[in-house]
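What follows is a set of notes on a single structure, which appears directly below.
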Amino acid sequence: MKFEKFLFDILESRKKRRIVIGLVLAALMGSIMMIPTKLVLAKMLPGKSANTFTIYVDTATNASIKETRKVTECVVRELEKESGVTDMEVFLGQGAPLDYAGLVKGSAFKRMQNQAEIVVNLTDKHHREEPSFMMVHRIRPSIQKACGSLVPSTTIKFIEMPSGPPTLATIVVEVYAKREKALRKMAERVAAVLADTEGLVDIDVMQDDIYTTYMLSPNKEKIIRSGLSVEQVNQIIYLAFKGMPVAVKNTKNQQDQIPIFVRLNQDSRIVHGASKDALAHKLSSLRLMNKQGMMVPLIEIVDIKTVDSSPTIFRKDLKNMAIITAECDLVSQVYPLLDAREKMLKVLQNEYNVTKVPGITTYMFDLNVIDRKTGDKMLIRWDGEMKVSLDTFRDLGGAFIAALILMFLLMVVYYKSFALSGIVLAGSFLSIIGVIVGHWITDKISLAVADINFFLTATSLIGFISLMGISARGSLLLIDFSRALMKEEKVEKNRAIAIATATRAKPILMTAVAIILGSLLLSTDPIFGGLGIALIFGSIAATLVALFFVPVLMSNTKAMNPDFGEPCEEEDLDIGAEPGRVQRHLCILTDNLKSLLFPKKKKDCEEE
C-alpha cells in the first residue's frame, strides 16, 4: 500500500520524525495562541433568537407614575415602527409575569412608581429573517436616544431570554464599603468606566437616588394657641393627601362592612411644583375649623423642613454594597470585563491604592481599594455571567483532569508502561487543535455571511471532552495491533507500526466520517453549534494525529519493543531486594520518558 510505504519512510527517517513532531507542536501552540490573541473569541453561551424580549424602564427614584408612563409610551411608539413586533404589554409600577430571566432579576419585587416593564412579542423566529438579538442590537441606540432623556436619571434596559443559567446581568460589579458617601462615589466611578468600555451597554447603578424631601412637622405651641389638637392636625393632613377610611357602610348583599375611604380629589391633592414654596402655597389653601368655629390655614400650624431622602441600604454578607450592572452587545463578556478592569486600575490609581486579589480563584478579577485621603477600605468584586463561566469551567476542568488521571492510571496498569499511556493521552488531547481552528474557520464564515461572531463556548468544551474517548480508541488499537504483529509475526517494529496504521486507517477514517456527518445538523443549532463544530473539526484533527503523530511516538519509545514488559527476574521480586526493585521501576519510568522525548539513533541502539 502507498500509505504504508509512505508512513514507513517517515518512521525510518529520524529527520522526518522530528519534522512531524515539530509540525504537530507548532500547530498545538498556534491553535492555543488563537485564544489570547482574540482570533478565536470565547463566551459562556452564544445568543439565541427568541419570540419575545423585555424592556425594563427605571426612572428617577422620586419620579411619579405619570413620568414613568411618559417614557413607556415613547418606547411603545418607537417599537410600533418595527414590522417584526406583533404586540406589546406595558406593566406600570410592577413587574411583568415571571419568565426565565425575571426569576433572578427581581421582576417580582417591583412595586414602585418609577418602575415599569414592557413585554415585546415578535413574529415566529422561524419565519423572521432578523434574529431577536440582532433586532435588540439595532433598536437599542435609537430608543435610548429618543426616550432616555424625557425624565432625568432614566435607564432603559433590553432583557433577552438567556441561553443558559440566568444571572442578574452579564456584567455585575459589586462595590463594598462601610461609609455610604464613599460607596456612592466609587459606584459612580465604576459606572463611568463601564460606560466608557466598548461593547458594554445598559449600564445601571442599583441605588436609590438621593433627592430633596419636605417633612411637615406640627408646631405644638401654635396648634394649642389655635384651639386645635396635634392628633387632629396629623389625621387631617394624612387624610387629605394619602386618604383613610372614616366610616363603614352596611349592606344586605354582603356580610362584611364596606369601608368609606375619604381623600382629596386629584386636582386638590397634587402640588404643582417640586419646591418648598409650592408646598407652602398648597397648605395655605387648606383650612381647619377649631373649637371656636374659626378656619385656621394649615401653613400657620405646621413647619416645613427640608431633608434628604433615605435611600434603600443594600447589604450582602453583613456588608454595605452597591451593584452596577451592564449588558454585552453581541460580544463576549470576557474581553469587555478585562478592558474595564484595566481602565479601573488606571483611573483609580490617582486617588486610591488599588491592589489585585492574589491567587487564581473564581474571584481573581477582584480589586482591593483604599482611599488615600480618608483611608476607607473598599472591595470591587466581579460577578454575573463571568463568575458563572469561571465556576463552570473550573468544575468541568476539574472533572476533565480527574478523568485524564484515571485513564492514565488504567492504561499504565494495562500496558505496564507510562510511555504508551502518555502516547494515548497525547493523541487524544491533540484534537484540541481541530476544535480551536474549526471555530476560527467557522467564525470567519459567520462574519462573512451573517456579520455575527461564532464563539468558543461551554458546549465546545463538552464536544472536546467527548472526542477524548473516541480519539483514545484509535490509538489503543494501533498499539495493540502493532505489538501483536511484533510478538506473533516477528515483524520489525517500524514495519509493524506502518502495517498496523495502514490496516486501521480505513476504520479510523470511517469513524471520523460518521461523526462528521452526524454532527452537521448539530452545528447549525444556535446553542449547540459549538458542540457540532468541535466534533467535526476535532475528528479531523484526531484522525490526522492518529495516522501520523501517534505512529511516530510509538516508533520513538522503547515500550514498543517486543521484549518490553516481560516478567521481572525472581531475584528482583525477592522481598529482601526492595531497593533493587524500586530502582528497576524508576529506571523503567525514566527510560520510557527519555525514549519518548529524546529518541536515540538506530545505530546507537544497535551498539548498545
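The values are calculated or read from the model by the stated rules, or taken from the named source; none is laboratory data. Note that the structure is predicted; figures quoted are calculated from it, not measured. Methodologically, a virtual Cβ is constructed for each residue, glycine included, from the backbone with ideal geometry; neighbour enumeration extends over all protein chains shown. In case anyone asks, the SASA skips ligands and DNA or RNA and just uses the protein heavy atoms, side chains included. Shrake-Rupley method; radii C 1.70, N 1.55, O 1.52, S 1.80 Å.
Rounded to the nearest 10 square angstrom, residue 49 shows an accessible area of 30 square angstrom against a 1.4 Å probe. Using a Cα-Cα cut-off of under 20 Å, which lysines could be cross-linked to residue 70, ignoring same-chain neighbours fewer than 8 residues away? Filter leaves 81, 110, 145, 157. Relative to the dominant Cα principal axis of the chain, helix 2-12 is inclined by about 80°.
Calculated mean residue ellipticity at 222 nm for the chain: -16000 deg cm²/dmol, from DSSP H runs with n ≥ 4 weighted as -39500 (n - 2.57), summed, divided by the residue count and rounded to 500.
Computed over the chain, the range of Cα coordinates on each principal axis works out to 128, 61, 56 Å, biggest value leading.
In loop segments of the range 25-126 as defined by DSSP, the trypsin sites (Lys or Arg not before Pro) with at most 11 further C-beta atoms inside 10 Å of their C-beta are 38, 81, 111.
In a DSSP loop and with at most 15 other Cβ atoms within 10 Å, the trypsin sites (Lys or Arg not before Pro) in the range 268-320 are 291. Among the protein heavy atoms, those of residue 477 account for about 60 Å² of accessible surface (1.4 Å probe, every chain in place). Rolling a 1.4 Å probe over the protein heavy atoms of the range 177-317, with every protein chain left in place, gives an accessible area that is 51 percent carbon and sulfur.
Per residue, the solvent-accessible area of the range 211-319 (1.4 Å probe, heavy atoms of protein chains only, all protein chains present) comes to 74 Å².
The range 79-134 and the range 383-410 have Cα centres lying 36 Å from one another.
Here the gap between residue 263 and residue 126, fully extended at 0.36 nm per residue and compared with their Cα-Cα distance, gives a gain of 44.0 nm.
Scanning residues 5 or more positions from residue 42 or on other chains, those with amide H under 5 Å from its amide H are 456, with H placed 1.01 Å from N in the peptide plane. Cross-link partners for residue 373 among the lysines, with Cα-Cα distance under 24 Å and sequence neighbours closer than 8 places in the same chain left out: 178, 181, 185, 319, 343, 346, 356. The largest accessible area among 126, 137 belongs to the first residue in 126, 137, and the rest follow in falling order (1.4 Å probe, all chains). Working note: Karplus 6.51/-1.76/1.60 with θ = phi - 60° gives the range 333-340 the couplings 6, 5, 6, x, 4, 5, 5, 5 Hz, where Gly and Pro are set to x. Of all aspartates and glutamates in the structure, the ones whose alpha carbon falls short of 15 Å from that of residue 416, not counting any fewer than 8 places away in one chain, are 480, 563, 566, 591. Between amide H atoms placed 1.01 Å from N, distances below 5 Å from residue 314 occur with 321, all of them 5 or more places distant or on a separate chain.
According to the Kirkwood relation over distinct C-alpha pairs, the hydrodynamic radius of the range 493-555 is 12.7 Å. Across the range 78-101, the residues whose backbone nitrogen lies under 19 Å from the label position 7 Å along the beta-carbon direction of residue 51 are 83-90, 97-101. Principal-axis analysis of the Cα atoms of the chain puts helix 458-488 at an angle of about 10° to the longest axis. In degrees from 0 to 90, rounded to the nearest 10, what is the angle of the helix 65-79 Cα long axis to the longest principal axis of the chain? For 65-79 against the chain, the angle is about 50 degrees. Using a probe of 1.4 angstrom and keeping all protein chains present, the accessible surface of the range 2-138 works out to 53 square angstrom per residue. Evaluated over the Cα positions of the range 1-105, the convex hull gives a direction-averaged projected area, one quarter of its surface, of 14.6 nm². In order along the range 524-534, the Karplus-derived 3J(HN,Hα) couplings, from 6.51 cos²θ - 1.76 cosθ + 1.60 at θ = phi - 60°, round to 8, 6, x, 9, 9, x, x, 5, x, 5, 4 Hz, and Gly and Pro are given as x.
The Stokes-Einstein estimate for the range 361-465, based on a Kirkwood radius over Cα pairs and taken at 20 °C with 1.002 mPa s viscosity, is a diffusion coefficient of 122 µm²/s. Taking amide H as placed 1.01 Å from N in the peptide plane, residue 288 has its amide H under 5 Å from the amide H of 296, 298, each at least 5 places away in sequence or on another chain. If R0 is 60 Å, the Cβ-Cβ spacing of residue 252 and residue 462 corresponds to a FRET efficiency of close to 0.30.
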